[in-house]
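Visitor: Pasting in a structure now, in structure tokens, and then I'll have a few things to ask.
What follows draws every value from the coordinates through simple rules; no lab data is involved. Fair warning: this is a prediction, and the values are worked out from it, not measured in the lab. Heads up, the Cβs are rebuilt from the backbone with ideal geometry, glycines too, and the neighbour counts pull from every protein chain shown.
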């Protein structure tokens with residue numbers, strides 16, 4: 001019978017542990033990337049690439065990012081443009 005390695009200490013995974021027949025696998029939530037140890041997930045800084053698609057200011061947040069605008073401007077409904 002299969003042993004569920006995820007049942008004890010989440011299999012040593014920092015986020016998601018997926019039990020597989022005879023093994024297990026660590027996975028990351030959206031907005032995170034697996035590090036070299038294949039157990040630890042690290043936040044992706046979406047603002048590094050193309051300013052996160054933000055027209056003005058991009059702020060990295062855990063697992064995501066937020067666009068904002070300079071003083072005197074408002075964020076449009078698309079969540080990326082300023083007017």
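Visitor: Using alpha-carbon positions, what is the distance between the centroids of segment 36-83 and segment 7-22, in Å?
Guide: When both Cα centres are located, 30 Å separates them.
Visitor: How do 42, 25 rank when sorted from fewest to most other Cβ atoms within 10 Å of their own Cβ?
Guide: Numbers: 42 12, 25 16.
The order, fewest Cβ neighbours first, is 42, 25.
Visitor: Ranked by Cβ crowding within 10 angstrom, fewest neighbours first, how are 1, 64, 14 ordered?
Guide: Numbers: 1 3, 64 14, 14 17.
Final ranking by Cβ density, sparse to dense: 1, 64, 14.
Visitor: Then there is this: Over the chain, what is the mean sequence separation of C-alpha contacts under 8 Å (at least six apart), divided by residue count, expressed as relative contact order in percent? Numbers along the way, then the final one.
Guide: Working: 148 pairs, mean separation 14.0, N = 83.
Once normalised by length, the contact order is 17 percent.
Visitor: Right, here's the next one. For residue 74 and residue 29, what does the FRET efficiency come to when R0 = 30 Å and r is the distance between their Cβ atoms, rounded to the nearest 0.05?
Guide: Working: r = 31 Å, r/R0 = 1.02.
E between residue 74 and residue 29, to the nearest 0.05, is 0.45.
Visitor: Then there's this: To check my understanding: the extent here is largest minus smallest coordinate of the Cα atoms along each principal axis. What are those three numbers for the chain, in Å, largest first?
Guide: 63, 24, 17
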